[in-house]
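Below: one structure, written as structure tokens.
The values are calculated or read from the model by the stated rules, or taken from the named source; none is laboratory data. From a predicted model like this one, the values you see are computed outputs, not experimental measurements. With ideal geometry, Cβ positions are generated from the backbone for all residues, glycine too; neighbour counts draw on all protein chains shown.
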Amino acid sequence: MRTDRLWREGHYFVFGLVLGMAFLPSLRAQSALYPCEPSPAMTASFAKLDIPINVKQPTAERYAKTQSILDALFAENPDDFFVHRRYQSIAMKARDADPDALIQRYKELLDKHPNSPEFLDFYGLALAGYRTKEAALYFEKALELAPDYPWPHVHLARVYAWRAYRDPAKLLSNLQAFMKACPATLEPYDYFKAVDDTSFLREGARRLRQLLSQRSDPEAVSYYSTLWSLEFRLQPAAENDPLKKQVAADVARVRSLNLTESKNWYTALADGYALLGNAEGKKSVETQEADHFPNSPEAIDAVIGPWQDEHPWPDASAAPEKKRAYCQAVVRTTNDWIRLWPDYPSSWFYRFNALSELPDSSPADLESAADGLLRAMALNPDLLHVTPPVPMIIARQYVERAIRLDRVPGLIADGWKEYERGRRQLTERDTAAEEIKRILKNEAIYVHWQGLTTLADAYLKMKDPEKAQDGVAQMKSFLDQHQPGQSATSGEQASFVRLNADYWRRMAQLAELQGRKPDALAYYQSSIGYIAQQPEEARKDDTTAQKAKELWKSMGGTDAGWQAWLSQKPAATATAPAANEWQAIHEPLPDFSLPSVEGKTWRLVDLKGKVALINIWATWCGPCQAELPFVQKAYDQVKGRNDVAVLTLNDDENPGLAVQFMKDHGYTFPAVLAYSYLNAVVPAMVLPRNWIVDRQGVRRLQTTGFGSDGEAWIRNLLANFDKVANTAN
């Protein structure tokens, strides 16, 4: 059970930094010359800001040290352009960042210096990502005042590389302008991944290789992965062998630099070995990094990861004895992990989950794991990100076990606060596609509903009718505020069905607590009606009907009467779709002519007359890796048919990774290298994604994500092939 580690940059120090900006002197005007690179002394100072994560050093201490370094840099270099840029970069990445405060501070500074190209640029930089169109205007104004000022060009390039504001012509022109002014600066190469101009890319790859050959610093080393990505994009997949020889030479050069204090060095080596398919070399680098940074998350994962790979969590169909034995093994194993790294949240989280799955685990053990997890999260909050948040997960288990119910309200409040803090950073950005915003909105509904149901259940188990009634009333209010509208998808409608079933069940339990048994039966009947609209897999473990029958019997009802009552449950108005259900769409698939891993060029016309599955995946996508074996099975089942086809589109920036991945896993389905195509066609890349395309090249069905039942996915896919074949015009 891997968990993502997010939000590692910035946090506690940001508030102090933003306030401190009020005391900074203005930048000195530089009308004749604008630097392309910080001074060597400044570069050395910036390197001190890259403090490696050490799980034995609390996050707050690491951030306080970062703040101290930045404060000293501002005090010594109040006019330095690069100090301001680095400050903004750190502040905007912070877990508790306040973009409004940062924007306001730079607005005040700009008001004091309205004709300063630098502060026009900095104000635009603060706006970018939140009021991006306005930001672009400030970048343009800075260039009007100082045409030889290069940095607004690279800031505009970043804007036009974002999918939401993608403009290939403006992206290219701004990159060219910056690179003309600053030919030795590496930063513009970050945005080459959004460029399609082959001649520009080819020349850029040549220049980048030349630049890297002349440098041996950590920043330059980090750009080898960018260089390899460019070179593999420009070379047909079937002709990768010469490139691999060059990568091998690059890896040898990078290793000879021996930059063991730089994380960039280890990353570049690992990326190079991955491209070469050299698992042993990649492992040796990871081991060396773990030895050099023994308390880093990477070092810990080098221990935990292999154990998890060798001991995967049992699937839903596993026998109870197997699940029990597995959870017991996790509890034993995490004793060692926690002894070595008591402040690492993932070890505690893994242990807590295992104890939660063991019905006979003691309340004391579960509470101890919960306390350890909460303490580790308080010390290192950036090292574990799960949904719902950890406090809510703990609260749910406390309710299930009927222990520490007094702590549940506080845990729910903490969970909501934690979730909203992270979600706000994503939802406030204007670069997010509508699909992403919709996903985040639905996720927020899910998280808040989990909190409301857990809170109501806690009060019901406390047998506190007044607070329980208030909790259920909050559920009703939430339902009223989030009813699906006309544009709701079938998945969103299904979610609302489940929410209603949850609500009416709590209403029934509240009525029972208050002694209103006839009312409780009526409410149970409403809940059962909504449950009947859900797919079978969602109904099989539901105990609502059992609870209603117990109540019926307690009131003197007979079995015959129960059956008659049960048959009168509200009729289902529709059957809610299962998780990851295919959603109906009607969108022509844009034409393409793209190379495959095998060296074949695929075009949309190749699919003409067939119903096709188009699967979109990437090597870095965990759910994709879980889904691809079933894509292979589906391909094997239909590859002899003339009426259907399976084609996959790879979304890796470096196509060489996809080529090696296919080889390593022995996949034989067609894999098209489609990064640039997908970047232009799909506004938000949620992976994995599947389309079913009809014979005329129109996308008819779509699904995103991957559930746990791959065989059911294949059956559903084959059924939808026939459905589209029979309904397409």
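Is region 184-200 home to any residue that is surrounded by fewer than 16 Cβ atoms within 10 Å (Cβ to Cβ), in contact with a Ser or Thr (Cβ under 9 Å, 6 or more places away or on another chain) and not in a helix (DSSP H, G or I)?
Taking every residue of region 184-200 in turn, at least one turns out to be surrounded by fewer than 16 Cβ atoms within 10 Å (Cβ to Cβ), in contact with a Ser or Thr (Cβ under 9 Å, 6 or more places away or on another chain) and not in a helix (DSSP H, G or I).
Take region 532-546 and flag every residue that is assigned to a helix (DSSP H, G or I), touching a residue at least 40 places away in the same chain (Cβ under 8 Å) and either not assigned by TED's automatic domain parsing to the domain that holds residue 506 or not small (Gly, Ala, Ser) (or both).
537, 544
From the residues in region 130-174 that are among the aromatic types (Phe, Trp, Tyr) and within 23 Å of the chain's Cα centre (by Cα), which one is nearest to residue 100 (Cα to Cα)?
Among those residues, the one meeting the criterion is 130.
Could you count how many residues in region 57-104 are polar (S, T, N, Q) and more than 28 Å from residue 344 (Cα to Cα)?
3
Evaluate the following for residue 207: is it surrounded by fewer than 18 Cβ atoms within 10 Å (Cβ to Cβ), modelled with pLDDT of 95 or more and outside any helix (DSSP H, G or I)?
Answer is no for this residue.
How many residues, within region 611-640, are basic (Lys, Arg) and touching a helix residue (DSSP H, G or I) at 6+ places or on another chain (Cβ under 9 Å)?
1
If only one of 247, 254 is at pLDDT 95 or above and over 25 Å from residue 45 (Cα atoms), which one is it?
247
Residues in region 397-409: is at least one under 22 Å from the mean Cα position of the chain (by Cα), aliphatic (A, V, I, L, M) and at pLDDT 95 or above?
Scanning region 397-409 turns up no residue that is under 22 Å from the mean Cα position of the chain (by Cα), aliphatic (A, V, I, L, M) and at pLDDT 95 or above.
Just to be sure, is residue 322 basic (Lys, Arg), surrounded by fewer than 13 Cβ atoms within 10 Å (Cβ to Cβ) and free of Cβ contacts under 8 Å to residues at least 40 places away in the same chain?
In short, yes.
Which of the residues that make up region 346-387 are buried (at least 23 other Cβ atoms within 10 Å of the Cβ) and not hydrophobic (A, V, I, L, M, F, W, C)?
Of everything in region 346-387, those that are buried (at least 23 other Cβ atoms within 10 Å of the Cβ) and not hydrophobic (A, V, I, L, M, F, W, C) turn out to be 346, 347, 350, 351, 380.
Find the residue count for region 405-453, including only residues that are under 23 Å from residue 103 (Cα atoms) and either assigned to a helix (DSSP H, G or I) or of a type outside the set (A, V, I, L, M) (or both).
Count: 13.
So, of the residues in region 459-475 that are surrounded by 13 or more Cβ atoms within 10 Å (Cβ to Cβ) and either acidic (Asp, Glu) or within 31 Å of the chain's Cα centre (by Cα) (or both), which turns out to be farthest from residue 442 (Cα to Cα)?
Filtering region 459-475 for residues that are surrounded by 13 or more Cβ atoms within 10 Å (Cβ to Cβ) and either acidic (Asp, Glu) or within 31 Å of the chain's Cα centre (by Cα) (or both), the one farthest from residue 442 (Cα to Cα) comes out as 464.
Here is a list: 495, 477. Which entry is of a type in the set (Ser, Thr, Tyr), in contact with a helix residue (DSSP H, G or I) (Cβ under 8 Å, 6 or more places away or on another chain) and outside any loop (DSSP other than H, G, I, E, B)?
495
Testing residue 529 on (1) without any contact (Cβ under 8 Å) to a residue 40 or more places away in the chain; (2) assigned to a helix (DSSP H, G or I); (3) not polar (S, T, N, Q), one condition comes back false. Which one is that?
With respect to (1) without any contact (Cβ under 8 Å) to a residue 40 or more places away in the chain; (2) assigned to a helix (DSSP H, G or I); (3) not polar (S, T, N, Q), residue 529 is out only on (1).
List, please: which pairs have Cβ atoms under 9 Å, are six or more places apart or on different chains, and start with a residue in region 353-378 that is free of Cβ contacts under 8 Å to residues at least 40 places away in the same chain and end with one that is loosely packed, with under 14 Cβ neighbours inside 10 Å and hydrophobic (A, V, I, L, M, F, W, C)?
What qualifies is 354/329.
Could you run through region 94-105 and say how many residues are surrounded by fewer than 23 Cβ atoms within 10 Å (Cβ to Cβ), assigned to a helix (DSSP H, G or I) and touching a helix residue (DSSP H, G or I) at 6+ places or on another chain (Cβ under 8 Å)?
4
Just for helices (runs of 4 or more DSSP H) wholly inside region 110-180: which have at least 2 residues that are touching a His at 6+ places or on another chain (Cβ under 8 Å)?
Result: 117-127, 132-145.
Need pairs with beta-carbon distance below 7 Å; first residue closer than 16 Å to residue 689 by Cα and within region 423-440, second modelled with pLDDT of 85 or more and part of a helix (DSSP H, G or I); sequence gap 6+ or separate chains.
433/163; 433/164
For region 705-721, how many residues meet the condition of being within 19 Å of residue 682 (Cα to Cα) and surrounded by fewer than 18 Cβ atoms within 10 Å (Cβ to Cβ)?
So the answer is 1.
Kindly indicate which of 672, 631, 693, 638 is over 30 Å from residue 197 (Cα atoms) and surrounded by 22 or more Cβ atoms within 10 Å (Cβ to Cβ).
631
Taking the stated definitions as given, is residue 226 under 24 Å from the mean Cα position of the chain (by Cα), within 27 Å of residue 671 (Cβ to Cβ), crowded, with 17+ Cβ neighbours inside 10 Å and in the same structural domain as residue 188 (by TED's automatic domain parsing)?
Yes; evaluated as a whole, the condition is true for this residue.
State whether the residues of region 57-76 include one that is at negative phi, modelled with pLDDT under 90, acidic (Asp, Glu) and in contact with a strand residue (DSSP E or B) (Cβ under 6 Å, 6 or more places away or on another chain).
No, region 57-76 has no match at all.
Would you pick out the residues in region 403-424 that are surrounded by fewer than 18 Cβ atoms within 10 Å (Cβ to Cβ), out of contact with any Leu (no Cβ under 7 Å at 6 or more places or on another chain) and either under 30 Å from residue 680 (Cα atoms) or small (Gly, Ala, Ser) (or both)?
If the condition is that a residue be surrounded by fewer than 18 Cβ atoms within 10 Å (Cβ to Cβ), out of contact with any Leu (no Cβ under 7 Å at 6 or more places or on another chain) and either under 30 Å from residue 680 (Cα atoms) or small (Gly, Ala, Ser) (or both), then 410, 413, 422, 424 are the ones that fit.
What number of residues in region 655-695 are touching a Pro at 6+ places or on another chain (Cβ under 8 Å) and polar (S, T, N, Q)?
Residues flagged as touching a Pro at 6+ places or on another chain (Cβ under 8 Å) and polar (S, T, N, Q) within region 655-695 amount to 0.
Just give me the residues in region 625-646 being free of Cβ contacts under 8 Å to residues at least 60 places away in the same chain, outside any helix (DSSP H, G or I) and touching a strand residue (DSSP E or B) at 6+ places or on another chain (Cβ under 6 Å), in sequence order.
645, 646
Can you name the condition, by its number, that residue 243 falls short on among (1) surrounded by 14 or more Cβ atoms within 10 Å (Cβ to Cβ); (2) under 30 Å from residue 324 (Cβ atoms); (3) touching a residue at least 60 places away in the same chain (Cβ under 8 Å); (4) of a type outside the set (Ser, Thr, Tyr)?
Checking residue 243 against (1) surrounded by 14 or more Cβ atoms within 10 Å (Cβ to Cβ); (2) under 30 Å from residue 324 (Cβ atoms); (3) touching a residue at least 60 places away in the same chain (Cβ under 8 Å); (4) of a type outside the set (Ser, Thr, Tyr), the one that fails is (2).
Go through (1) exposed (fewer than 15 other Cβ atoms within 10 Å of the Cβ); (2) modelled with pLDDT of 90 or more; (3) out of contact with any Lys or Arg (no Cβ under 9 Å at 6 or more places or on another chain) for residue 588 and report which single condition fails.
Failed condition: (3).
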